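A.B. asks: One structure follows; several queries about it will come next.
The values are calculated or read from the model by the stated rules, or taken from the named source; none is laboratory data. Remember, predicted model here, so these are calculated numbers, not experimental data. Cβ coordinates were reconstructed from backbone atoms using ideal geometry, including for glycine residues, and neighbour counts include every protein chain displayed.
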Amino acid sequence: MKHEKTVRLVTSAMMIALATVLSMITIVKMPLGGSLTPLSMLPICIVSLRYGVKWGVFTSFVYALVQLALDLSSVLSWGLTPLAVAACIFLDYLLAFTVLGTAGMFRKKGAAGAVCGIAVAILLRYLCHIISGGTVFSIWCEWDSAWWYSVCYNGAFMLPECVLTVIVSFILLRVPQTRKLLTGAEQSAA
């Protein structure tokens with residue numbers, strides 16, 4: 001039992017480290033935060049698939065703290081109001097990265113369920129960014145179209161990353177050897 005807990009903790013720490021390194025490799029960097037990265041959310045989603053939503057949410061919260069620590073100076077340099085900074089920290093970092101831990105919600109439904117869970121978790125993160133952007137842009141700039149801008153701005157990097165992550169996770173979960181490695185259990189390929 002103690003060995004299993006140690007393996008879970010070490011695996012989670014390694015996945016947080018891998019996700020952090022992948023998040024630093026940017027394909028497209030957006031001017032007001034956010035970027036398209038090569039599968040940076042997948043390691044966190046795998047923890048949730050392998051160990052369940054409860055542990056996945058814990059792991060993704062730790063990942064959220066790491067992402068916040070890495071980007072805090074950037075967020076503070078944007079000249080936002082205190083309310084906008086608080087909204088940005090809570091919605092763009094703490095909540096947005098923590099929801100990735102829900103990826104394991106359909107993990108008992110085979111590869112298709114796992115892929116669905118990953119897609120839903122990433123779309124929940126996108127929703128957090130939309131709400132944050134709409135809130136921050138409306139406070140900061142008082143634009144009438146701040147919400148529409150937030151949908152488009154955040155969609156420019158979140159939707160391609162969602163599609164890429166879903167495609168790669170689908171491929172990995174269709175192969176029995178990687179499916180067992182990623183989920184920790186035998187599952188049907190359907």
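A.B. asks: Just to be sure, is ILE46 more than 15 Å from the chain's Cα centre (by Cα) and of a type outside the set (Asp, Glu)?
C.D. replies: Criteria not met by ILE46.
A.B. asks: Test of understanding: among ASP71, ASP92, which residue is surrounded by 22 or more Cβ atoms within 10 Å (Cβ to Cβ) and among the acidic types (Asp, Glu)?
C.D. replies: ASP92
A.B. asks: Further, regarding this structure: Can you find a residue that is modelled with pLDDT of 95 or more, part of a helix (DSSP H, G or I) and of a type in the set (S, T, N, Q) anywhere in the range 138-153? Don't jump to the end; show me each part of the working.
C.D. replies: Initially, the range 138-153 is screened for residues modelled with pLDDT of 95 or more, giving none.
No, the range 138-153 has no match at all.
A.B. asks: Looking at LEU123, LEU100, LEU94, which is the one that is closer than 18 Å to VAL151 by Cα and not β-branched (Val, Ile, Thr)? Let's see the steps before the verdict.
C.D. replies: On the way: LEU100 fails: closer than 18 Å to VAL151 by Cα; LEU94 fails: closer than 18 Å to VAL151 by Cα.
Selected residue: LEU123, the only one of LEU123, LEU100, LEU94 that is closer than 18 Å to VAL151 by Cα and not β-branched (Val, Ile, Thr).
A.B. asks: So if I check each of LEU76, LEU100, LEU83, which one is in contact (Cβ under 8 Å) with a residue 12 or more places away in the chain and surrounded by fewer than 17 Cβ atoms within 10 Å (Cβ to Cβ)? I'd like the intermediate steps shown before the answer.
C.D. replies: Details: LEU76 fails: in contact (Cβ under 8 Å) with a residue 12 or more places away in the chain; LEU100 fails: surrounded by fewer than 17 Cβ atoms within 10 Å (Cβ to Cβ).
The conditions single out LEU83.
A.B. asks: Moving on to the next point. If SER73 satisfies every condition in (1) of a type outside the set (A, V, I, L, M, F, W, C); (2) over 16 Å from ILE16 (Cα atoms); (3) at pLDDT 95 or above but one, which is the exception?
C.D. replies: For SER73, the exception is condition (3).
A.B. asks: I've got another one for you. Take the conditions among the β-branched types (Val, Ile, Thr) and buried (at least 17 other Cβ atoms within 10 Å of the Cβ) and apply them to THR6. Does it pass? It would help to see each step written out before you state the result.
C.D. replies: Details: among the β-branched types (Val, Ile, Thr): yes; buried (at least 17 other Cβ atoms within 10 Å of the Cβ): no.
Considered against the rule, which asks whether it is among the β-branched types (Val, Ile, Thr) and buried (at least 17 other Cβ atoms within 10 Å of the Cβ), THR6 comes out as no.
A.B. asks: Something else about it: Provide a single number: the residues in the range 61-114 that are touching a helix residue (DSSP H, G or I) at 6+ places or on another chain (Cβ under 8 Å) and polar (S, T, N, Q).
C.D. replies: Looking only at that region, the number is 4.
A.B. asks: Can you name the condition, by its number, that VAL53 falls short on among (1) closer than 18 Å to THR11 by Cα; (2) of a type in the set (Val, Ile, Thr); (3) surrounded by 20 or more Cβ atoms within 10 Å (Cβ to Cβ)?
C.D. replies: Every condition holds for VAL53 apart from (3).
A.B. asks: GLY134: free of Cβ contacts under 8 Å to residues at least 60 places away in the same chain, over 21 Å from GLY79 (Cβ atoms) and not acidic (Asp, Glu), yes or no?
C.D. replies: Numbers: free of Cβ contacts under 8 Å to residues at least 60 places away in the same chain: yes; over 21 Å from GLY79 (Cβ atoms): no; not acidic (Asp, Glu): yes.
Criteria not met by GLY134.
A.B. asks: MET41 is checked against (1) within 14 Å of PRO160 (Cβ to Cβ); (2) free of Cβ contacts under 8 Å to residues at least 24 places away in the same chain and fails just one. What number does that condition carry?
C.D. replies: (2)
A.B. asks: Can you confirm whether THR135 is in a helix (DSSP H, G or I), under 23 Å from SER169 (Cα atoms) and hydroxyl-bearing (Ser, Thr, Tyr)?
C.D. replies: Details: in a helix (DSSP H, G or I): yes; under 23 Å from SER169 (Cα atoms): no; hydroxyl-bearing (Ser, Thr, Tyr): yes.
When the stated conditions are applied, THR135 does not pass them.
A.B. asks: Could you say which residue among SER40, SER48 is surrounded by 21 or more Cβ atoms within 10 Å (Cβ to Cβ) and in contact with a Gly (Cβ under 7 Å, 6 or more places away or on another chain)?
C.D. replies: Working: SER40 fails: in contact with a Gly (Cβ under 7 Å, 6 or more places away or on another chain).
Of the residues listed, the single one that is surrounded by 21 or more Cβ atoms within 10 Å (Cβ to Cβ) and in contact with a Gly (Cβ under 7 Å, 6 or more places away or on another chain) is SER48.
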